[in-house]
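Take a look at the structure below.
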Amino acid sequence: MASSFARVLSSKRKVGILSLVGAGSLTVGFFLNREQHVNAGAHVRRIYPPSAEYPDLRKHNNCMASHLTPAVYAKLSDKTTPNGYTLDLAIQTGVDNPGHPFIKTVGMVAGDEESYEVFAGIFNPVIKERHNGYDPCTMNHPTDLDASKIRGGQFDDKYVLSSRVRTGRSIRGLSLPPACTRAERREVERVVIDALAGLKGDLAGKYFSLTVMTEQEQQQLIDDHFLFDKPVSPLLTCAGMARDWPDARGIWHNNEKTFLVWVNEEDHTRVISMEKGGNMKRVFERFCKGLQEVERLIQEKGWEFMWNEHLGYILTCPSNLGTGLRAGVHVTLPRLSKDPRFPKILDNLRLQKRGTGGVDTAAVGNTFDISNLDRLGQSEVQLVQTVIDGVNYLIECEKKLERGQDIKIPAPISQFK
Amino acid sequence: MPFGNTHNNFKLNYSVEDEFPDLTKHNNHMAKVLTQEMYAKLRDKQTPTGFTVDDVIQTGVDNPGHPFIMTVGCVAGDEESYEVFKDLLDPVISDRHGGYKATDKHKTDLNFENLKGGDDLDPNYVLSSRVRTGRSIKGYALPPHNSRGERRAVEKLSVEALNSLDGEFKGKYYPLKSMTDAEQEQLIADHFLFDKPVSPLLLGAGMARDWPDARGIWHNENKTFLVWVNEEDHLRVISMQKGGNMKEVFKRFCVGLQRIEEIFKKHNHGFMWNQHLGFILTCPSNLGTGLRGGVHVKLPKLSTHAKFEEILNRLRLQKRGTGGVDTASVGGVFDISNADRIGSSEVDQVQCVVDGVKLMVEMEKKLEKGESIDSMIPAQK
């Protein structure tokens with residue numbers, strides 16, 4: 001399976017080369033040399049049998065540990081992706097971070113697009129568990145970035161303080177943050193900022209490289225809450241994502257500060273559309289327009305995003321496969337949040353709550369971050385609609401409670417549409 | 001992070017310029033030595049276990065260093081690293097070890113009888129004495145690079161060797177992953193327990209992978225001889241006791257080390273050693289003897305004397321706080337140890353400590369009586 005995958009990739013790239021021949025682009029030479037040194041699927045150095053190398057996962061509680069049996073390990077441990085990424089590398093973060101009894105982390109990452117193929121024997125059950133039963137072997141993931149399909153999406157500003165949609169994109173042909181070399185990371189940066197420089201109108205903006213940022217620029221980005229810092233979470237550092245920091249990392253944003261792209265943080269790119277207030281529809285429209293423009297611009301140069309029909313958009317962490325999308329609002333729900341039915345209501349609406357500092361923070365006052373639970377198996381349009389309908393329901397509940405009326409737990413909505 | 005061979009071959013598709021790290025803001029020994037030309041020459045090489053130049057330097061790339069403290073910025077992944085990457089490591093070693101040349105030979109001397117004195121340091125001033133070193137087991141990759149299987153094999157072999165010791169060396173092994181709460185409490189109270197590394201210098205080199213698998217602490221019943229397994233090196237060996245009898249501490253150190261080495265040799269896995277670099281350890285700063293012999297000594301008056309630093313320098317000693325490297329001294333008590341590691345033998349280095357501490361205690365006594373110590377200041381060793 002891996003070798004046919006590689007052939008598909010190289011043929012697409014050759015098409016790219018033909019379209020470049022007139023352009024004199026520096027990347028042409030890169031393409032033509034690419035296949036020469038790769039030892040696809042070469043064997044890993046092994047002195048000990050898999051049984052001697054199998055990690056001790058008895059005290060572990062993450063998705064990888066739940067599914068990596070000695071048999072699966074033995075079968076996959078001497079395989080590599082064409083770029084040389086191994087199973088041991090993929091699982092290192094899960095071995096080094098046993099997890100928490102209450103929070104189940106994923107415990108493994110992909111080093112490149114082919115990882116999901118070569119190590120499907122472990123990735124598939126992990127994906128199935130993390131994405132609530134989605135089976136990559138039998139199911140197809142729908143992609144839909146047509147924002148015109150959204151119904152409603154303008155919330156009452158009295159309750160919704162801000163709206164935001166984020167996702168990630170990976171550049172096909174370049175290794176992912178756990179495995180990329182310095183040259184590959186720099187190539188990602190070049191490809192992405194080249195494309196972003198082509199954005200116009202309300203999307204026109206500027207790139208701030210982490211290595212050459214001025215003090216003033218840094219302060220401004222901190223004030224705007226845009227600046228990201230070197231990862232400190234051992235979940236990320238153990239996966240090798242902070243290597244060579246801050247080389248080839250940076251932040252791009254449009255002049256209006258409503259569209260933002262992180263380069264080479266946890267993924268090749270993280271794309272964020274946001275604004276104050278409750279106009280989720282406009283946030284999503286800008287999100288789709290920006291993403292589609294960037295895609296068009298990289299395609300002009302012979303590049304494309306990593307995507308396939310089973311896993312949707314390919315990102316470093318299996319938890320972000322599919323849409324990689326988290327659409328959410330900061331919403332004030334003083335009465336509803338104290339109602340004992342609140343968690344169940346969220347559950348049935350397929351929403352999750354976080355504190356306003358993001359994942360694993362506590363809520364401040366009565367303001368919550370409410371976003372979609374799912375990532376894979378539903379399209380972007382479907383997930384954003386879910387958030388819109390759900391948040392509307394929550395606001396209705398809050399209003400009812402204000403008027404002294406009772407609320408109802410809604411029927412659970414179906415997961416895969 | 002250690003990558004396999006295929007990954008390094010793949011990297012060769014990219015130009016040297018594109019792969020060379022940006023070291024313009026760096027201040028460590030590696031960054032001072034590594035040029036783009038040198039990187040170009042070394043990038044397609046690897047040791048027999050697959051360690052590459054990028055693996056060697058990753059910790060130095062990720063930790064630019066401090067303007068005042070010069071870190072080494074590179075590590076070895078196996079014994080052969082020091083040979084395959086000598087173009088980089090020899091100048092780093094020379095910078096770190098006071099000009100030690102690529103052609104110099106290192107002298108090993110673990111014959112405790114060659115130490116003169118050391119049994120008469122005044123216990124009113126010298127509170128405790130300690131000698132430590134590291135050892136690597138030949139034939140196994142080092143902590144930045146070893147697989148779980150290799151690390152477990154080192155543990156198995158080490159525990160077997162240590163458990164066969166008898167007499168004053170009879171002891172017990174406590175693996176980190178199956179330690180009971182009571183055992184853990186006791187080891188902490190004894191100041192023996194080591195914890196998962198938190199320093200980014202070590203984490204950046206991949207030494208904390210799979211923690212706490214195959215890590216543990218062994219010590220003898222008397223709690224005077226202690227071995228750490230698979231922490232920063234395969235083995236760290238420590239001999240220590242309260243009071244000033246460095247002679248006894250050093251004797252136990254030498255005898256214990258030689259007994260352990262005999263057992264490893266019987267299994268055809270002696271210690272990594274060569275004539276040029278002495279004992280091979282993960283960090284180039286610990287080559288040679290890898291020995292730090294020191295005391296905790298009360299020097300409240302001498303430590304505030306204007307010439308204290310110069311005296312230490314001339315005696316080839318260094319000071320640390322009683323919490324170890326980079327800590328401050330508490331109550332005028334300092335950790336005084338040898339500054340050198342390579343180019344002089346174990347006996348030479350411990351002799352420096354013994355002679356130097358004896359002199360400094362006499363100076364302290366003179367200062368207590370209000371007398372001058374100017375006539376006692378030593379010449380440069």
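Bear in mind that the values in this text are calculations on the coordinates, not laboratory data. Everything numeric in this text was worked out from a predicted model, so none of it was measured. Cβ sites come from the backbone with ideal geometry, for glycine too, and all protein chains shown count toward neighbours.
Would you please put A:318-330, A:198-210 in order of how densely packed they are, using the mean number of other Cβ atoms within 10 angstrom per residue and starting with the highest?
In decreasing order of mean packing, A:318-330, A:198-210 become A:318-330, A:198-210.
What aspartates and glutamates could a cross-link reach from B:K11, if we take a straight Cα to Cα line under 12 Å and drop same-chain neighbours fewer than 8 places away?
Qualifying aspartates and glutamates at Cα under 12 Å: A:E35, A:E184, B:E19, B:D44, B:D54.
How are the C-alpha pair distances of region A:176-233 spread across 5 Å bins, as whole percents from the shortest bin up?
Spelled out bin by bin, region A:176-233 gives 4, 14, 18, 21, 25, 14, 4, 0 percent.
Can you tell me the mean projection area, over all orientations, of the convex hull of region B:9-97's alpha carbons? Units nm², please.
5.6 nm²
Are any of the pairs A:K59/B:K242; B:K107/B:K265; A:K301/B:K45; A:K79/B:K45; B:K101/B:K381 more than 28 Å apart by Cα-Cα distance, and if so, which?
Listed pairs above 28 Å: A:K59/B:K242; A:K301/B:K45.
Averaged over A:181-188, how many beta carbons belonging to a partner chain fall within 10 Å of each residue's beta carbon?
Rounded to a whole number, the mean comes out at 5.
Where the convex hull is taken over the Cα atoms of chain A, what is its projected area averaged over directions, in nm²?
Averaged projected hull area, Cα only: 21.5 nm².
Roughly how tilted is helix A:380-402, in degrees to the nearest 10 and between 0 and 90, from the longest Cα axis of chain A?
Long axis of A:380-402 versus the principal axis of chain A: about 20 degrees.
When the helices in chain B are scored as -39500 (n - 2.57) per DSSP H run of 4 or longer and the sum is shared across all residues, what 222 nm value do you end up with, to the nearest 500 deg cm²/dmol?
About -10000 deg cm²/dmol.
For chain B, what mean projected area does the convex hull of the alpha carbons give, in nm²?
19.5 nm²
Could you work out the helix-only [θ] at 222 nm for chain A, with each DSSP H run of four or more residues adding -39,500 (n - 2.57) and the total divided by the number of residues, to the nearest 500 deg cm²/dmol?
-10500 deg cm²/dmol
Over the Cα atoms of region B:279-329, what is the Rg over Rh ratio if Rh follows Kirkwood?
1.04
Could you order the peptides B:72-83, B:96-107, B:55-66, B:184-195 from most to least packed, using the average number of other C-beta atoms within 10 Å per residue?
Put in order of decreasing packing, that is B:72-83, B:55-66, B:96-107, B:184-195.
Let me know the mean shielding of B:142-154 by other chains, meaning the per-residue number of their Cβ atoms within 10 Å of its Cβ.
Mean shielding by partner chains, rounded to a whole number: 3.
To the nearest 0.05, what FRET efficiency results for B:F194 and A:Y48 with a Förster distance of 25 Å applied to their C-beta separation?
Working from the Cβ atoms, E equals 0.45.
Would you mind calculating the relative contact order of region B:140-299 from Cα pairs under 8 angstrom and at least 6 residues apart, reporting the percent as a whole number?
Over region B:140-299, the number comes to 22 percent.
At q = 0.17, 0.19, 0.28, 0.31 Å⁻¹, what base-10 log of I(q)/I(0) does the Debye formula yield for region B:87-141 when every alpha carbon is treated as an equal point scatterer in vacuo?
-0.93, -0.99, -1.13, -1.17
Highest mean first, how do B:140-149, B:274-283 rank when packing is the count of other Cβ atoms within 10 Å averaged over residues?
Peptide ranking by packing, descending: B:140-149, B:274-283.
Under the rule a/c < 1.5 gives rounded, and otherwise a/b versus b/c splits prolate from oblate, where does region A:133-274 land using the Cα gyration tensor?
oblate
Please name whichever of A:T316, A:L161, B:I280 sits farthest to the positive end of the charge dipole of the protein assembly as shown, dipole taken about the Cα centre and charges placed at Cβ: Lys and Arg +1, Asp and Glu -1.
Result: A:L161.
Which whole number gives the average, over all residues in B:10-20, of C-beta atoms from other chains lying within 10 Å of the residue C-beta?
6
Can you compute the charge dipole magnitude of region A:147-403 about its Cα centre, using +1 on each Lys and Arg Cβ and -1 on each Asp and Glu Cβ, nothing else charged? Give it in debye, rounded to the nearest 20.
So the magnitude is around 640 debye.
If you average 1/r over all unlike Cα pairs in region A:51-131 and invert the result, what Kirkwood radius do you get in angstrom?
Hydrodynamic radius (Kirkwood, Cα pairs) of region A:51-131 is 12.6 Å.
Across 5 Å bins from 0, what is the distribution of all Cα-Cα pair distances for region A:284-349, in whole percents?
The calculated distribution, bin by bin, is 3, 12, 13, 18, 15, 11, 10, 8, 5, 3, 1.
I'd like the Kirkwood hydrodynamic radius of region B:288-381, using the inverse of the mean 1/r over distinct C-alpha pairs, in Å.
Over region B:288-381, the inverse of the mean reciprocal pair distance is 13.5 Å.
As a test, work out the antiparallel percent of DSSP beta bridges whose residues both lie in the protein assembly as shown, rounded to the nearest 5.
95 percent
For the protein assembly as shown, count all C-alpha to C-alpha pairs, find those more than 36 Å apart, and express that count as a whole percent of the total.
Taking all Cα-Cα pairs of the protein assembly as shown, the fraction more than 36 Å apart is 53 percent.
Given an 8 Å cut-off on Cα distances and at least 6 residues of separation, report the relative contact order of chain B as a percent.
The value is 20 percent.
Tell me, what is the FRET efficiency for B:N222 and B:Q258 to the nearest 0.05, using R0 = 25 angstrom and their Cβ-Cβ distance as r?
Given R0 = 25 Å and the Cβ-Cβ separation, E is 0.85.
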